[in-house]
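The values are calculated or read from the model by the stated rules, or taken from the named source; none is laboratory data. For clarity, every value in this text was computed on a predicted model and none was experimentally measured. As a convention, Cβ positions derive from the backbone with ideal geometry for all residues, glycine included, and neighbour counts pool all protein chains shown.
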Amino acid sequence: MNAAELLSHHHLKKSSARISIIRALQELETPASEPEISNKMGIHYDRTTFYRSIQTMVEAGLIRKIVVDKLVVRYALRDKPDHAHFYCDNCQQLTCLEDIHPGPYRLPAGFQTRESDVIIRGLCNSCSNHLPIETIH
Ligand SMILES: [Zn+2]
Ligand SMILES: [Zn+2]
């Protein structure tokens with residue numbers, strides 16, 4: 001689906017900011033940070049509009065917001081089945097682990113899942129070649 005189709009699929013109006021955010025996310029391979037997205041958007045980027053637009057698309061379920069330790073925020077299109085992510089403590093890259101599917105979990109009676117993110121932390125394959133895991137204690 002292209003950006004306009006994704007928006008109408010989620011019953012959202014097509015604004016130029018929303019379209020350029022989606023296009024940027026489609027071009028970027030990994031879950032992307034705000035600076036990575038704004039670089040792709042170029043002149044279409046405006047900070048206030050960005051946050052408003054992305055919030056709307058997160059709430060509509062079009063975009064997944066992944067937060068590591070409250071500080072690291074990445075955005076990705078929600079176009080694949082839910083999967084775990086790997087956060088590298090060294091290079092801060094967030095990688096999709098599409099073969100690892102979290103849940104569904106059997107929760108105690110009365111509990112309802114709104115969101116469930118599985119984030120595994122450690123060293124990615126390229127960092128673990130240079131750095132033994134002991135050094136990040
Ligand atoms: Zn790494
Ligand atoms: Zn992912």
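Quick notes on this one:
- Matching residues, the stretch 69-96, being farther than 26 Å from Ile19 by Cα and part of a strand (DSSP E or B): Ala84, Phe86, Tyr87, Cys88
- Flag for Asp99 being within 16 Å of ligand 2 (Cβ to nearest atom) and within 28 Å of His11 (Cβ to Cβ): no
- Thr48 satisfies every condition listed in (1) among the β-branched types (Val, Ile, Thr); (2) over 11 Å from the mean Cα position of the chain (by Cα); (3) within 16 Å of ligand 1 (Cβ to nearest atom) except (3).
- Among the residues making up the stretch 106-124, those that are loosely packed, with under 11 Cβ neighbours inside 10 Å and either within 16 Å of ligand 2 (Cβ to nearest atom) or at pLDDT 85 or above (or both) are Arg106, Pro108, Ala109, Gly110, Phe111, Gln112, Glu115.
- A single member of Cys91, Cys127 is over 26 Å from Ser8 (Cα atoms), in contact with a helix residue (DSSP H, G or I) (Cβ under 6 Å, 6 or more places away or on another chain), free of Cβ contacts under 8 Å to residues at least 40 places away in the same chain and away from ligand 2 (no atom under 16 Å from the Cβ), and it is Cys91.
- Verdict on Asp79 being surrounded by fewer than 16 Cβ atoms within 10 Å (Cβ to Cβ) and within 12 Å of ligand 2 (Cβ to nearest atom): yes
- The requirement of being of a type in the set (Asp, Glu) and within 16 Å of ligand 1 (Cβ to nearest atom) is fulfilled somewhere in the stretch 89-98, by at least one residue.
- Residue check for Gly103: at pLDDT below 95 and assigned by TED's automatic domain parsing to the domain that holds Gly122: yes
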